[in-house]
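What follows is calculated from the coordinates using simple rules that are stated; it is not laboratory data. Keep in mind it's a predicted model, so treat the numbers as computed, not measured. Cβ: placed from backbone, ideal geometry, glycine included. Neighbour counts: every protein chain shown.
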Amino acid sequence: MSAGTSRPTDTELLDYVWAARPGFVGWLGQCNHKAVGRRFIFTSFFFLLLGGAMALLMRTQLALPNNDVMGPDGFNQLFTMHGTIMMFLFVVPMLEGFTIYVGPLALGARDMPMPRLNAFGYWVFLFGGLFLLSSGVVGAVPDSGWFAYVPLTRAEFAPGLNLDFWLLGVTMLEIAGIVAAIEVVTLMARFRASGMSVSRIPIFVWSGFVASVMILFAFPPLVAGTILLELDRKIGTVFYDAASGGDPLLWQHLFWWFGHPEVYIQLIPALGMAAAIVTASAQRRMAGRTAFIASLVAIGILSFGLWVHHMYATGIPLMATSLFTAASFMIAIPSGVIIMSFIGTMWWGRLRWTAAMYYVVGFVIIFVAGGITGVMVAMVPFDWQAHDTYFVVAHLHYVLVGGSLMPILGALHFWMPKLTGRIMDERWGKIAFGLIFVGFNVTFFPQHALGLWGMTRRIWTYEADLGWNGLNLLSTAGSYVMGLGMLIFTINMIVVHLGPKPDTPDNPWGAESMEWATGSPAPNYNFRSTLQVASPEPLWDGESMIGAKGGEDPDPPAWQRQLDRPETGLRQALATSGLDAKPDHIVTLPGHSLWPLWATFGLGVGLIGVLLDAVALGVVGLIALIVAATAWLWPGVE
Amino acid sequence: MAVETSRTAAPVTDTPRGAAMGTWALWLTIIVLAMFVAGLSTAALYLETGPEPWPPDEFQVPGRGPAWLALALTLVATAGATYALWRIKTASRRLAALSLAWSAAALTGAVIALVASLAGAGFRWDEHAYTSAYWSLTGFVITFMGVGLIVLAAVLTQTVAGLVDEHRHLELTNAVIYLWFVLVSSIVLLALVHYLPAVGDGG
């Protein structure tokens, strides 16, 4: 705010009110959605690189028969941590980070509805990640796969702290995911610009909403399952012990109750990202927009009826497996609608071939291939042959790399101007894409054949006379090409952030949604004025955006003046009604708080107490958590 | 839930619609907790309907009295908190505070009854899946009630301190919603190991 006696402008006042406090403590206490979203995105990108490096090490071990780069224990630890990092520390947090950063901007909101909860989600995610990685420091890296099947994970077969690190760390990450999901659902329900009715919500926000609702229903059963397993390991309950009336298959049911929707939780927001990119690149509305959104919802619902197709080889009755086969086939229908929407948009639009658009095309090609093998493994007789082979490894990587990684890399290109005010180099971006796309297919396509030739998953080496040598070497070579692509992508991302800050345009891609109506990067307050939306493409329609740059409302109502010029010094935002987004009430939001960090600290100390069987430490953590949460929620305490 | 119940929400129209942000967060949290309870209940039912008799012949089913008492006291606590909310809306802060104190006492009694049921069970948690389920599900109910007690204590303090009144009572509203969840989840979880006859017959 300008010093002296002159009256500050609206923009100066907004900037002052919405700015972070200075210093390190101010940085720690930031709750604004942009700070939290950026933290999620760049932390999870670090985890992507870490998980990728682990994959390269595994492929190095498998390049040659009887290789001895590492032993079986190290290999077990690597594939466990690779899967855990990619599933829990990269894809879901990355997608949530984008939703948290872009969502409020795309909806015309000033922040998330509960900023402190938002910050809590990030701190829990960070602590959970560090907790898992710290297992390496004490030499107790989890080593039972990212699915932690019992009975192998019961204390008698997995002594030591390895699995305890996994169970407690994953529980923290699940809590972080749930917290972010609560935020996103409330955001979409109530924090939209005036006039942004349900039919006008951007597809990307819809996708984040559907995935968040899925998280609310899918994650808690896994938390229940992990708590029961940890009780088995720590105090001797016998839920999963067949000799004492328990059942190991119970774990698989609870795990896949979460695990299969999880695949779609990773896919659906990425579909939204790809939709945002293709809409901007084709300069036209998404073909079949309503059908696209309906298909997202349909996938979200159907995904809860598929979990047993991971368990065909466990002796499930044939009638039950047939029902799950039918459900698995059914999900191909909305998936097909979505793919046809992408193709139609590209077909009818005037495409600009940006690096982000390359990733969308890569996504369509790879994901369709993964979907086709998905239909294959949904068939019980085929699954019995391919189960636990490299065919399944190839399938799941086609689905997850195609369905998540490709759109995420495209989204980093696409939204980087809004995240940091920098545009990544297009030429290097396309080179990186080429290497990643080719490298990926060279790595994983041969694995289909390896699986059909009998190479089982999770083996650390193989004999030379099995006929797998050539394809394994090819697969490893491909992984290095993909790794080179990722390295170039990362260097590109770093290099563009060196040097003086460029004057980046607000809307470098000519996109249609509202995050492009403000500065790059978005200013502290997001939008100078409250907005009015008249269509799903507010930047293209010529009617929306009253109150945005250059379009002042000559006679705004009192509540709008209050929001546009925060004389009270409070961070305030507009909450709108659920369906038609009519102005409803003004919400006062906190701007700085260390309580979420303290609450995370208490939670972390408590879990360390559980890990170490240190009851006193656990109680201290619990008390700290209760005190921090009470102070956080106490009226008037920020 | 009208938005005027919140300290941080100011209506901009004459007829504001929908709940305050805190109430949204609470309802979504209750969905999460309900799914957690669903996961636990499914696990217990899955084990109960397995091929072995449930409970096994060597275990005598403990008496159901303490669990019924706990449920009755939870109902009293929930009704008391609901009454407190009604009183606060009618500007009777003193009656609301008394009712909240009564709720807290009833909920404490429920916790004591359930702890007593565990102490008198006659078996440990590590003897059979049935005993694991008995101890764990009862323990989760006690945990939910314990959280309820902390919430009640906080809201009671706020009421006595004058931070909750007829215009600003979001905290109390949310406490009541949570207690109703505790009541329903107690019915479900305790039914599985205390009230209902065994579903599985070992057949």
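Starting from the Kirkwood radius over alpha-carbon pairs of region A:221-326, derive D by Stokes-Einstein at 25 °C in a medium of 0.890 mPa s and give it in µm² s⁻¹. Intermediate results must be reported in sequence, preceding the final value.
Working: Rh = 16.5 Å.
Estimated via Stokes-Einstein, D reaches 149 µm²/s.
Between region A:169-248 and region A:426-480, how many Å separate their Cα centres? Answer, in whole Å: 33. At 1.002 mPa s and 20 °C, plugging the Kirkwood radius over alpha-carbon pairs of the protein assembly as shown into Stokes-Einstein gives what diffusion coefficient in µm²/s? Reported coefficient: 76 µm²/s.
Hey, any idea what the orientation-averaged projected area of the convex hull of region A:384-529's Cα atoms comes to, in nm²? Working shown, then result.
Values: hull surface 47.2 nm².
Average of the hull's projected areas for region A:384-529 equals 11.8 nm².
Summing charges over all other residues whose Cβ lies under 13 Å from the Cβ of residue A:38, with Lys and Arg as +1 and Asp and Glu as -1, gives +3.
Find the eigenvalues of the gyration tensor of the Cα atoms of region A:561-631, then list the square roots of 5 times those eigenvalues as equivalent ellipsoid semi-axes, largest first, in whole angstrom. The partial results should precede the final answer.
Numbers: eigenvalues 323, 42, 11 Å².
Semi-axes from the Cα gyration tensor: 40, 15, 8 Å.
Placing unit charges on each Cβ (+1 for Lys and Arg, -1 for Asp and Glu) gives the protein assembly as shown a dipole about its Cα centre, and among A:628, A:282, A:520 the Cα reaching farthest toward its positive end belongs to A:520. Ordering A:259, A:433, A:157 by the projection of their Cα atoms onto the charge dipole of chain A, which places +1 on the Cβ of Lys and Arg and -1 on the Cβ of Asp and Glu, puts A:433 at the extreme positive end. So what's the Cα pair-distance distribution over chain B, bin width 5 Å, in %? Whole-percent P(r) values from 0 Å outward: 1, 8, 15, 16, 16, 13, 10, 8, 6, 4, 2, 1, 0, 0.
Rounded, prolate or oblate: which fits region B:4-101, taking a ≥ b ≥ c as square roots of the Cα gyration tensor eigenvalues, rounded meaning a/c under 1.5, else prolate when a/b beats b/c? Oblate shape, in that a/c is at least 1.5 and b/c is the bigger or equal ratio. Calculated on the alpha-carbon coordinates, the convex hull of region A:264-418 measures out at 100 cubic angstrom per residue.
Please sort through the DSSP H helices of chain B and keep those with an alpha-carbon extent of at least 30 Å along the long axis and a Kyte-Doolittle average not below 0.5. The answer, listed by residue number, is B:21-48, B:65-89, B:93-119, B:129-160. Along the axis of the charge dipole computed for chain B (Cβ charges of +1 for Lys and Arg, -1 for Asp and Glu, origin at the Cα centre), the listed residues B:162, B:149, B:111 are led at the positive end by B:162.
Ignoring aspartates and glutamates fewer than eight residues from residue B:89 along the same chain, the ones with Cα atoms less than 14 angstrom from its Cα are B:4, B:165, B:166, B:171. For region A:192-208, putting each phi into the Karplus relation 6.51 cos²θ - 1.76 cosθ + 1.60 with θ = phi - 60° gives couplings of 10, 4, 4, x, 7, 5, 4, 6, 9, 5, x, 4, 4, 5, 4, 5, x Hz, in residue order, rounded to whole numbers and with x for Gly and Pro.
Per residue, what volume in Å³ does the Cα convex hull of region A:383-469 take up?
Working: hull volume 9.5 nm³, N = 87.
Convex hull of Cα atoms, per residue: 110 Å³.
Each residue of region A:63-125 gets 101 Å³ once the volume of the Cα convex hull is shared out per residue. Partner shielding of B:124-136 amounts to 6, given as the average count of beta-carbon atoms from other chains within 10 Å of each residue beta-carbon. Peptide A:179-190 has a mean shielding of 4, counted as Cβ atoms of other protein chains within 10 Å of each residue's Cβ. When peptides A:218-229, A:527-538, A:422-433 are ranked by their average number of other Cβ atoms within 10 Å per residue, the highest-first order is A:218-229, A:527-538, A:422-433. If you place +1 on the Cβ of every Lys and Arg, -1 on the Cβ of every Asp and Glu, and leave all else neutral, what size is the dipole of region A:383-517 about its Cα centre, to the nearest 20 Debye? In total the dipole reaches around 240 debye.
Averaged over all directions, how much area does the convex hull of the C-alpha atoms of region A:355-420 cover when projected, in nm²? Let's see the in-between values first.
Details: hull surface 19.0 nm².
Mean shadow area of the hull around the Cα atoms is 4.7 nm².
Need the C-alpha centroid separation for region B:88-148 versus region A:343-418, integer Å. Value for the Cα centre distance between the two parts: 49 Å.
In this model, which of A:34/A:582; A:501/A:582; A:34/A:234 are farther than 31 Å apart at the alpha-carbon?
Over 31 Å apart, Cα to Cα: A:501/A:582; A:34/A:234.
Please give the charge dipole size of region B:115-203, origin at the Cα centre, charges +1 on K and R Cβ atoms and -1 on D and E Cβ atoms. Round to the nearest 20 debye. Walk me through the intermediate numbers first.
Details: 2 positive and 6 negative charges, 11 e Å.
Here the size comes out at about 60 debye.
From the P(r) of region A:26-169, can you give the percent of Cα pairs sitting at distances over 22 Å? Before the final figure, lay out the partial values.
Values: 4891 of 10296 pairs.
Percent of Cα pairs beyond 22 Å in region A:26-169: 48.
The mean count of C-beta atoms from other chains within 10 Å of the C-beta of residues in B:29-42, rounded to a whole number, is 6. Computed across region A:1-76, the Kirkwood hydrodynamic radius from all distinct Cα-Cα pairs reaches 17.1 Å.
Kirkwood's formula applied to the C-alpha pairs of region A:129-286 gives a hydrodynamic radius of 17.8 angstrom.
What's the magnitude of the charge dipole for the protein assembly as shown around its Cα centre, counting Lys and Arg as +1 and Asp and Glu as -1 at the beta-carbon? Answer in Debye, nearest 20. Provide the component values of the computation, followed by the final result.
Details: 41 positive and 51 negative charges, 383 e Å.
With Lys and Arg at +1 and Asp and Glu at -1, about 1840 debye.
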